[in-house]
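Let me begin by presenting the structure, written as structure tokens, before commenting on it.
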Amino acid sequence: MKFDLENKKHVNFVKLADDVLLQNCILEPIPQDEQPFGDNRFVKVSEGDMTYLANTDHIVWIIP
């Protein structure tokens, strides 16, 4: 899934490959030098008071 990894943004829905659907989320990029697992690309996804790390390869779709 290709999307803007440079800016923090609000999105209405994020669907992950394991059928998790997150609503009213904030997607926040993680700088390359702070990536937790080397070459993989992760973003922070905040939904309410919960924050998840999501591998961008596992994001199926985003509805802005």
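Numbers at a glance
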{"quantity": "Label-to-label distance, nm, for residues given as residue 51 and residue 37 (7 Å Cα→Cβ offset)", "calculated": "1.9 nm"}
{"quantity": "The chain - percent of accessible surface contributed by carbon and sulfur, probe 1.4 Å", "calculated": "50 percent"}
{"quantity": "Full-stretch length increase - residue 58, residue 13 - with 0.36 nm per residue and alpha-carbon distance subtracted", "calculated": "14.8 nm"}
{"quantity": "Relative contact order (%) - criterion: Cα under 8 Å, at least six apart; region: the chain", "calculated": "38 percent"}
{"quantity": "Estimated vicinal HN-Hα couplings, Hz - the range 13-28 in sequence order (Karplus 6.51, -1.76, 1.60; Gly, Pro = x)", "calculated": "9, 10, 10, 9, 4, 8, 6, 7, 10, 9, 10, 6, 10, 10, 9, 10"}
{"quantity": "GNM top mover of 18, 49, 33 - the chain, alpha-carbon springs below 10 Å", "calculated": "49"}
{"quantity": "Whole-number accessible area per residue in Å² for the chain, which is evaluated in the context of all protein chains at 1.4 Å", "calculated": "68 Å²"}
{"quantity": "Kirkwood-based Rg to Rh ratio, the chain, C-alpha trace", "calculated": "0.92"}
{"quantity": "Amide H partners (placed H, <5 Å) of residue 30, local residues excluded", "calculated": "44"}
{"quantity": "Solvent-accessible surface (1.4 angstrom probe) belonging to residue 47, in square angstrom, nearest 10", "calculated": "50 Å²"}
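The values are calculated or read from the model by the stated rules, or taken from the named source; none is laboratory data. These figures come from a predicted structure and were not determined experimentally. FYI the Cβ positions are ideal-geometry reconstructions off the backbone, even for glycines, and counts take in every protein chain you see. In case anyone asks, the SASA skips ligands and DNA or RNA and just uses the protein heavy atoms, side chains included. Shrake-Rupley method; radii C 1.70, N 1.55, O 1.52, S 1.80 Å.
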